[in-house]
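In what follows, a single structure is set out as structure tokens and then discussed.
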4 protein chains.
Amino acid sequence: MEYILKVSCDDEKGLILRISEIVVKNGLNYLSTNEFVDHENHRFYMRAVLDGELEVKGFVNTLLAFLPRSAQVFCEESRRKNIVVMATKENHCLGDILIRENSGDLNANVLAVVANHEDLREFASKFDVPFICVPSDGVGREEHEKMVLNELKKFNFDYLILAKYMRILSSDFVLNYEEKIINIHHSFLPAFIGANPYKQAYERGVKIIGATAHFVTECLDEGPIITQDVVLVNHEMDWQDMRRAGRNIEKIVLTRALDLVFDERVFVYKNKTVIF
Amino acid sequence: MEYILKVSCDDEKGLILRISEIVVKNGLNYLSTNEFVDHENHRFYMRAVLDGELEVKGFVNTLLAFLPRSAQVFCEESRRKNIVVMATKENHCLGDILIRENSGDLNANVLAVVANHEDLREFASKFDVPFICVPSDGVGREEHEKMVLNELKKFNFDYLILAKYMRILSSDFVLNYEEKIINIHHSFLPAFIGANPYKQAYERGVKIIGATAHFVTECLDEGPIITQDVVLVNHEMDWQDMRRAGRNIEKIVLTRALDLVFDERVFVYKNKTVIF
Amino acid sequence: MEYILKVSCDDEKGLILRISEIVVKNGLNYLSTNEFVDHENHRFYMRAVLDGELEVKGFVNTLLAFLPRSAQVFCEESRRKNIVVMATKENHCLGDILIRENSGDLNANVLAVVANHEDLREFASKFDVPFICVPSDGVGREEHEKMVLNELKKFNFDYLILAKYMRILSSDFVLNYEEKIINIHHSFLPAFIGANPYKQAYERGVKIIGATAHFVTECLDEGPIITQDVVLVNHEMDWQDMRRAGRNIEKIVLTRALDLVFDERVFVYKNKTVIF
Amino acid sequence: MEYILKVSCDDEKGLILRISEIVVKNGLNYLSTNEFVDHENHRFYMRAVLDGELEVKGFVNTLLAFLPRSAQVFCEESRRKNIVVMATKENHCLGDILIRENSGDLNANVLAVVANHEDLREFASKFDVPFICVPSDGVGREEHEKMVLNELKKFNFDYLILAKYMRILSSDFVLNYEEKIINIHHSFLPAFIGANPYKQAYERGVKIIGATAHFVTECLDEGPIITQDVVLVNHEMDWQDMRRAGRNIEKIVLTRALDLVFDERVFVYKNKTVIF
């Protein structure tokens, strides 16, 4: 069996030795391991892939007993994640997720698509994934989010993926799923925060546009960044051309972020990510 | 002989035909040509490399007579530009310029280096280029700029290159050299405007940093962008590491921008650039 | 009405003037235009987007009458292209094409998918596109290609897209569709020509892998390149990881190439492309 | 004091624990650490930065005693490396090295420049670095290399950097400095092996060119790759333009490779590199 172990805690001398002793005593073998110490925040991070047979709960408790009180320990058998995807009208990010699920390239199962418009119903149905529309037109944000939450509660998902979901989520909503909501933002953050970044980029006359995948926190567009990429643009392109070029990079960036998160390679701490 | 012709004017029917007639009547041959119409602003741009023998002034006047009154016409025999480089303490952008001048890769002569600190005097002297220090410590900005202007007036330069010149220039200073000052900004504009972008980038936890070469206008960091590029960073890097990684991209981006400008490939219009 | 005009011919003095005169006499206006002279081969290339009302055939004949005998002239009203996609088992490139067609981002209609295995039938059926399987197992190449050609003849397509079609096409087959077949090759050509480039890349220990979209000619993997891109890899990745990373870049590169070709921005000459 | 520890050996259970025990017993603290297991070759790699006071020789011997017989252990106090740079006529890579040494960005001292032409003597003298010319014209390769070796023996260097040294080195020469010679190759290996890659790239009509930094082994252009990067090219560029564009990427790629090697982040094994 293959297990993924993630440990983060305040840095101390001898952490690697202590963890290694427990790993070896449990008859486990390291298939791979990474460590990083954030010297600014005196924080230790470790991710290991372990081979063996494990009673996970006991193993985690032993680790917690021997590690600093600040320790966070995650250990789980390697497995496909379960996700719900939220979208609005555009199909390129959702489509990329569904195609990669279909081919087995995505390390996750899509439990449902939740949208605030009907536009993608037919598209989702092609892939036999439940499509739930909670219309947002003419509904207050609070009420709309309540209804969305009601739908989400029906699914036991690991992550909620905002695949071009074009609504801002309230703090209250976000707090339900801390470090569980991943968004693709259609700009190279922190450039062009807010609405229509492609129009902003066109007006500023930039020569490169980008996309950013990040965890969603209470602060809009300011959550921990997972990954980013860019694409060249030029004076011949109007903002619709930039948006079209941007779509290609949006789906690629979201895809890379999902691979990193689903493989448990990402740690979040103080609005930043450590990625192994 | 090889001439570069640049025309921009409000768009009208038949511009290419009219220009071609004048070109052919003057016994010139097109070696290459590019046109672009900015349909948003109804503006026509053309750059051509022409082969033949030309009385430039008369040629330009003929063109102006047959083109709309909004026309700007530039025509010049292909030649190396003359530049003055301004710097402060860092040598990587200045060094790249001097090495490329030395090898003949830079299409320009460096007439002088003007700095506000003494640090680069020895470095500049290696390349036998005049080094003029106008110390900025303990001097008001207005007074300092006056002294810098006095020094600059001694040189007949085409462009003033800010190769990590770490002082903000006033509107008054900039107005002396419209579309003639090129700056390398150490971030992917418009992200991280202002002081210490690498520290800002580190604190935001971005996964890519960049550099931007732009013309300097009255609005700090907001002039027309010439070119940009990026480099990957990660959680292992503190802001000094990012700065070091950034230096490589800064010099490359500045170098590319200078090549484009010195080859007369760049048009500026309404805070944007058209680049052929 | 919007027309696309493409001209290529041996270079001569006055070509732009001659073409402009004909364009203007036909009451057309240039919306955009690009010219390039390949000085090595003394060949002139021009692409223009024209606005007006046109009797295309007469216009082309007039141009041919006034241009060198070597001239090739293409003129057509702007329109969506018709394509047939060939594939084998992988769905990522086919999927990207179908999703972009579905959203309107692709400037083409997919008339059919022709495959040599049944694997993608269900996938293609999601998008209601005819799926034709011509099984290749146990059939000689010549016979198989004959059957494929029979199927292809039922469709009136502009381009044949090899979206991970894992069979080598014979010269005889290719000659039926000169400059009409576009392939995505899963390496940064000319590196790793031939079978399983990802395994070759892994074994060589490269740090970057790529993909290449090219026109298919009689010489395998040696046709005119349309566009290429790369992605970073590292020692942690085995060749299956590289293949997975490569798929993302394959689909992006194919997509970009199709956009360029369908917008009539590509000229082919002597195994190279000129792209405006 | 800061030490860098590098261990590689055949993989076994419990290696991390054993090493950690020795590290802790010696009163050392991990500042950072990375491990990797190459499962194909059953090989374990570890790099650690250690803080403390160390008798290096004894520490290494203890490690060797407790590790498999296949173990290679390197431990050294962090220090600037000493290098000799070999060049021919082009100054861009040499210049980049000298400027970065001058500014303190390069973690190395340049002891000397050894060239086979006089062209760079004046350039090297600007930076007060000894310049030794061993002319290659009219001399057999064996004899020339003998003379070069005689000169090299006068310097106690860690690495020999081929900064556009345009001569092929014989196996005999290379064997003197195993894993100590770093070359910048002006193509995206394994594409365009051999002479004038830019001309080859131009003739093939590629849309991207690149550069590769690699260790030099007996097999020309086939040594372990350290890092690579690419830059876009287009049909407007002849091969001299590509060479000029390539120079920018050559110096950047060499610079990155040197940073990785000088920080002891690179392991070589079976013609590949593991890079932390």
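The values are calculated or read from the model by the stated rules, or taken from the named source; none is laboratory data. Owing to the predicted nature of the structure, the values given are computational and were not obtained by experimental measurement. FYI the Cβ positions are ideal-geometry reconstructions off the backbone, even for glycines, and counts take in every protein chain you see.
Computed values, structure above
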item	result
Among (1) away from chain C (no Cβ under 12 Å); (2) under 27 Å from residue A:235 (Cα atoms), the one test that residue B:37 misses	(1)
Top-ranked residue of region B:101-121 - restricted to ones that are touching a residue at least 12 places away in the same chain (Cβ under 8 Å) and among the acidic types (Asp, Glu), ranked as surrounded by the most Cβ atoms within 10 Å (Cβ to Cβ)	B:101
Which numbered condition residue A:14 misses (of (1) in contact with a helix residue (DSSP H, G or I) (Cβ under 8 Å, 6 or more places away or on another chain); (2) within 14 Å of chain C (Cβ to nearest Cβ); (3) at positive phi; (4) not basic (Lys, Arg))	(2)
Hits in region C:134-167 - residues which are among the hydrophobic types (A, V, I, L, M, F, W, C), in contact (Cβ under 8 Å) with a residue 24 or more places away in the chain and touching a helix residue (DSSP H, G or I) at 6+ places or on another chain (Cβ under 8 Å)	C:148, C:149, C:160, C:161, C:163
Subset of region D:135-175 [of a type in the set (A, V, I, L, M) and farther than 28 Å from residue D:244 by Cβ]	D:139, D:147, D:148, D:149, D:152, D:174, D:175
Search result, residues across region B:251-271 that are crowded, with 24+ Cβ neighbours inside 10 Å and either assigned to a helix (DSSP H, G or I) or among the acidic types (Asp, Glu) (or both)	B:251, B:253, B:254, B:257, B:258, B:261
Flag for residue C:60 being part of a helix (DSSP H, G or I), in the same structural domain as residue C:10 (by TED's automatic domain parsing) and surrounded by 13 or more Cβ atoms within 10 Å (Cβ to Cβ)	yes
Tally of residues being among the β-branched types (Val, Ile, Thr) and either surrounded by fewer than 18 Cβ atoms within 10 Å (Cβ to Cβ) or outside any strand (DSSP E or B) (or both) across region D:21-43	3
Residue tally, condition surrounded by 20 or more Cβ atoms within 10 Å (Cβ to Cβ) and in contact with a strand residue (DSSP E or B) (Cβ under 8 Å, 6 or more places away or on another chain), over region B:232-250	6
Filter pass, residue B:229 being within 11 Å of chain A (Cβ to nearest Cβ), surrounded by 19 or more Cβ atoms within 10 Å (Cβ to Cβ) and among the acidic types (Asp, Glu)	yes
Residue list for region A:105-121, filter: of a type in the set (D, E, K, R) and within 11 Å of another protein chain (Cβ to nearest Cβ)	A:105, A:119
Only one of B:223, B:210 that is closer than 23 Å to residue B:43 by Cβ, within 12 Å of chain A (Cβ to nearest Cβ) and not in a helix (DSSP H, G or I)	B:223
Evaluation of residue D:132 against (1) farther than 18 Å from residue D:216 by Cα; (2) crowded, with 22+ Cβ neighbours inside 10 Å (one fails), failing number	(2)
Single residue of region C:192-205 satisfying the filter (part of a loop (DSSP other than H, G, I, E, B) and either crowded, with 24+ Cβ neighbours inside 10 Å or not aliphatic (A, V, I, L, M) (or both)) that is nearest to the other protein chains (Cβ to nearest Cβ)	C:205
Residue in region D:65-85 that is assigned to a loop (DSSP other than H, G, I, E, B), of a type in the set (D, E, K, R), over 30 Å from residue D:251 (Cα atoms) and more than 9 Å from every other protein chain (Cβ to nearest Cβ) present	yes
Given (1) more than 18 Å from the chain's Cα centre (by Cα); (2) not assigned by TED's automatic domain parsing to the domain that holds residue A:128, number of the condition residue A:91 does not satisfy	(2)
Any hit, region B:155-172, residues being at pLDDT 95 or above, assigned by TED's automatic domain parsing to the domain that holds residue B:267, buried (at least 18 other Cβ atoms within 10 Å of the Cβ) and assigned to a helix (DSSP H, G or I)	no
Unmet criterion (only one of (1) modelled with pLDDT of 95 or more; (2) closer than 22 Å to residue A:20 by Cα) for residue D:58	(2)
Number of positions in region A:24-34 that are facing chain D (nearest Cβ under 8 Å) and either under 15 Å from residue A:72 (Cβ atoms) or over 28 Å from the mean Cα position of the chain (by Cα) (or both)	2
Flag if residue B:124 is without any contact (Cβ under 8 Å) to a residue 40 or more places away in the chain and not assigned by TED's automatic domain parsing to the domain that holds residue B:183	no
Test set (1) of a type in the set (A, V, I, L, M, F, W, C); (2) at pLDDT below 95; (3) under 13 Å from the mean Cα position of the chain (by Cα) - residue C:226 fails condition number	(2)
Residue under evaluation residue D:89, criteria (1) among the charged types (D, E, K, R); (2) assigned to a strand (DSSP E or B); (3) in contact with an Asp or Glu (Cβ under 7 Å, 6 or more places away or on another chain), criterion not met	(2)
Filter result for the condition that a residue is closer than 30 Å to residue C:98 by Cα and not charged (D, E, K, R), over A:52, A:95, A:58	A:95
Sole exception among (1) away from chain C (no Cβ under 14 Å); (2) in a helix (DSSP H, G or I); (3) crowded, with 20+ Cβ neighbours inside 10 Å for residue D:149, by number	(3)
All positions within region B:233-276 that are within 11 Å of another protein chain (Cβ to nearest Cβ), among the acidic types (Asp, Glu) and within 25 Å of residue B:200 (Cβ to Cβ)	B:236, B:238, B:241
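Let's see how each residue does on (1) in contact with a Ser or Thr (Cβ under 6 Å, 6 or more places away or on another chain); (2) more than 14 Å from chain C (Cβ to nearest Cβ); (3) more than 25 Å from residue D:22 (Cβ to Cβ):
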position	(1), (2), (3)
A:1	no, yes, yes
A:6	no, yes, yes
A:51	no, yes, no
A:95	no, no, yes
A:103	no, no, yes
